[in-house]
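The values are calculated or read from the model by the stated rules, or taken from the named source; none is laboratory data. Since this is a predicted model, take the numbers as computed values, not measurements. No Cβ is skipped: glycine too gets one built from the backbone with ideal geometry, and neighbour counts run over all protein chains shown.
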Amino acid sequence: MAAKVDLKTSSDWKEAKAFLNYLSDQQREEHFFCQDFITLKKIPTWKDSEVNEATDEVVKSRYQVDNVLNEKISLFRGDITKLQVDAIVNAANSSLMGGGSVDGCIHLAAGHLLKEECRTLHRCETGKAKITGGYHLPAKYVIHTVGPVVQGDPNPSQVQELRSCYLNSLQLVLDNSLRSVAFPCISTGVFGYPSEPAAEIVVGTFREWLEKHKNKVDRLVICVFLEKDEKIYRKLLPYYFPVA
Ligand code: AR6
């Protein structure tokens, strides 16, 4: 049995993590930074959102309709820190010690113990990913990945690095037997990767990955924050995840 820990005053992340892991899902809720968290059930799958918002546009996809895959993917617009999924992905910098934007929001919501654990990870290279606890977040884990910094058009190695961010994060999902994960639009903010080509990488990577691993996960959530990103994904998803 894990000893009761005061998460507000403790600086021992290992002890805090063991304590949180020991709690039931309901008991963990008491420690969330917010009470307006969003459960996975409340996030519509792509299959459902597509049906609800059918467009007149006929899209010629090179992929087969696969409703099993369409139920494993979601497009959600909002704050990633509110999502009660097994893991959220952080668009971090190589220090892993926090920063602005989504990284700042995640660190603020998770609380100071996240930084204590990150300190022990000793940085992260571009394209790689590392996992920590979620502490006060509704998500149990945070997967930290570092996207490429881009000016202008991405070069082939930056394309590969962005793809690696997603693939290495997904590998950690498998390694830790996690069933649901939410991703922000990595590199497309402060790091300057253009949003449309980044979205092409995301949906293409998810389609290929889900074809291989669909039985091992319940949901991959694409969490967009900006309206322009929502529009980009709404347009792009039917090409990679056509709905009958
Ligand atoms: N929830 C979901 N998405 C968000 C949120 C949020 N709460 N806040 C912002 N976004 P960025 P990067 C979106 O800049 O480009 C940090 O300082 C945002 O609209 O967070 O990989 C790190 O420490 C955008 O679509 O990540 C690094 O130094 C997306 O998250 C650097 O920024 C990614 O934007 C990383 O830059």
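For residue 17, are the conditions met, namely being of a type in the set (D, E, K, R) and part of a loop (DSSP other than H, G, I, E, B)? No: the conditions fail for residue 17. Just one of (1) more than 28 Å from residue 12 (Cα to Cα); (2) in contact with a His (Cβ under 8 Å, 6 or more places away or on another chain); (3) β-branched (Val, Ile, Thr) fails for residue 159. It is (2). Scanning segment 84-122 for residues that are under 30 Å from residue 243 (Cβ atoms) and either assigned to a loop (DSSP other than H, G, I, E, B) or more than 9 Å from the ligand (Cβ to nearest atom) (or both) returns 84, 85, 86, 87, 89. Which number in (1) closer than 19 Å to residue 157 by Cβ; (2) within 12 Å of the ligand (Cβ to nearest atom); (3) within 15 Å of the chain's Cα centre (by Cα) marks the one condition that residue 205 misses? Condition not satisfied by residue 205: (2). Of all residues in segment 208-233, those being more than 14 Å from the chain's Cα centre (by Cα) and either of a type outside the set (A, V, I, L, M, F, W, C) or part of a helix (DSSP H, G or I) (or both) number 16. Residue 83 falls short on exactly one of the conditions (1) crowded, with 22+ Cβ neighbours inside 10 Å; (2) touching a helix residue (DSSP H, G or I) at 6+ places or on another chain (Cβ under 6 Å), and that condition is (2). In segment 22-66, of all residues being acidic (Asp, Glu) and in a helix (DSSP H, G or I), the one that is modelled with the lowest pLDDT corresponds to 50.
The condition of being more than 13 Å from the ligand (Cβ to nearest atom) and among the β-branched types (Val, Ile, Thr) holds for residue 73. Screening residue 243 with (1) away from the ligand (no atom under 16 Å from the Cβ); (2) at pLDDT 95 or above gives one miss only, at (2).
All but one of (1) of a type outside the set (Phe, Trp, Tyr); (2) surrounded by fewer than 22 Cβ atoms within 10 Å (Cβ to Cβ); (3) within 11 Å of the ligand (Cβ to nearest atom) hold for residue 153; state the number of the condition that does not hold. Answer for residue 153: the failing condition is (3).
Of all residues in segment 168-202, those satisfying the criterion of being surrounded by fewer than 17 Cβ atoms within 10 Å (Cβ to Cβ) and away from the ligand (no atom under 16 Å from the Cβ) are 171, 174, 175, 176, 177, 179. Got at least one residue in segment 146-156 being under 26 Å from residue 19 (Cα atoms), under 14 Å from the mean Cα position of the chain (by Cα) and in contact (Cβ under 8 Å) with a residue 24 or more places away in the chain? Scanning segment 146-156 turns up no residue that is under 26 Å from residue 19 (Cα atoms), under 14 Å from the mean Cα position of the chain (by Cα) and in contact (Cβ under 8 Å) with a residue 24 or more places away in the chain.
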